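Trainee: For reference, the structure I am asking about is given below.
Only the coordinates and a few stated rules stand behind these numbers; no lab work does. Small disclaimer: the values here were computed from a predicted structure and weren't measured. No Cβ is skipped: glycine too gets one built from the backbone with ideal geometry, and neighbour counts run over all protein chains shown.
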Amino acid sequence: MRFLELVENRYSTRDYLDRAVEREKIERCLEAARLAPSACNSQPWHFIVVDDHSLKSLVAKETLGPMGSLNRFTLKAPVLIAVVAEKPNLSSQMGAIIKNRPFYLIDIGIAAEHICLQAVEEGLGTCILGWFDEAAVKKLLDVPAKNRVELIISMGYPAEVKAAKKRKPLSQVFNYNRY
């Protein structure tokens with residue numbers, strides 16, 4: 001698949017088939033994340049793949065929100081991947097302080113999207129989640145207290161038909177040389 005075709009086919013999947021995801025496919029997605037660039041090559045990430053049905057159900061329940069209506073699709077997703085922030089190296093930390101910019105969050109976002117793009121190549125769907133009870137997820141997954149779970153990515157075989165992307169025209173989102 002050409003890159004723009006891959007990007008065009010990547011969307012947030014919110015309905016999954018009841019079908020296990022092969023670990024080889026998951027690991028290729030994680031390899032794509034491992035190869036992602038990061039500030040000062042700090043690689044400030046760790047991934048916890050949750051594919052045990054019982055544990056996955058408990059983690060999914062922590063994404064549902066206060067009324068239980070948010071992210072219900074996670075209950076059907078056969079895989080959840082918790083993206084855990086690791087302490088960045090000293091160079092990245094210093095740069096973040098000097099520039100007042102949390103580079104590690106940018107790095108994690110890039111790695112997460114690498115997972116999602118490789119998933120498209122594998123015939124899988126994904127959705128990146130930022131809404132979840134972090135304390136509960138950390139406890140369920142034995143994440144050390146000093147670390148943060150920044151994102152959860154749902155993954156599985158899509159049950160839905162991909163809708164056409166609704167995006168602003170290119171002419172509305174860029175300029176040359178000046179705003």
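Trainee: Using per-residue counts of other Cβ atoms within 10 Å, averaged over each peptide, order 107-116, 137-146 from highest down.
Mentor: Highest mean packing first, the order is 107-116, 137-146.
Trainee: Read through the labelled values (1) 9, 33, 35, 19, 4, 0; (2) 11, 43, 39, 7, 0; (3) 11, 39, 35, 14, 2 and report the label of the one computed as P(r) over Cα pairs in 10 Å bins from 0, in percent from the structure.
Mentor: Computing P(r) over Cα pairs in 10 Å bins from 0, in percent and matching it to (1) 9, 33, 35, 19, 4, 0; (2) 11, 43, 39, 7, 0; (3) 11, 39, 35, 14, 2 gives (1).
Trainee: Using only helices, what value at 222 nm comes out for the chain when you add -39,500 (n - 2.57) per DSSP H run of length 4 or more and divide by the total residues, to the nearest 500 deg cm²/dmol? List each step's numbers first, then the result.
Mentor: Numbers: 6 runs with 65 residues, N = 179.
One gets -11000 deg cm²/dmol as the mean residue ellipticity at 222 nm.
Trainee: Over the stretch 3-172, what is the relative contact order in whole percent, taking alpha-carbon pairs under 8 Å and six or more residues apart?
Mentor: Values: 280 pairs, mean separation 60.7, N = 170.
Relative contact order of the stretch 3-172: 36 percent.
Trainee: Please get the size of the charge dipole for the stretch 3-172, origin at its Cα centre, with Cβ charges of +1 on Lys and Arg and -1 on Asp and Glu, quoted in debye to the nearest 20. Intermediate results must be reported in sequence, preceding the final value.
Mentor: On the way: 23 positive and 21 negative charges, 121 e Å.
With only Lys, Arg, Asp and Glu charged at Cβ, the dipole is about 580 debye.
Trainee: Please list the helices of the chain that count as membrane-span-like by this rule: a mean Kyte-Doolittle hydropathy of at least 0.0 together with Cα atoms stretching 15 Å or more along the helix axis, each helix being a complete DSSP H run. Before the final figure, lay out the partial values.
Mentor: On the way: long enough: 23-34 (16 Å, -1.12); 103-121 (28 Å, 1.14).
Membrane-span-like by this criterion, though nothing is claimed about a membrane: 103-121.
Trainee: Taking amide hydrogens as modeled 1.01 Å from N in the peptide plane, which residues meet the under 5 Å criterion relative to W45, leaving out close sequence neighbours?
Mentor: Amide H neighbours of W45, under 5 Å, 5+ apart: E86.
Trainee: Continuing with this model, one more query. Going 7 Å from the Cα of I97 in the Cα-to-Cβ direction, what parts of the stretch 148-163 have a backbone nitrogen less than 12 Å from that spot?
Mentor: Under 12 Å, as judged by backbone N against the label point of I97, lies no residue of the stretch 148-163.
Trainee: Enter the Cα centre distance for the pair the stretch 157-179 and the stretch 41-94, rounded to the nearest angstrom.
Mentor: If you average the Cα positions of each part, the centres end up 26 Å apart.
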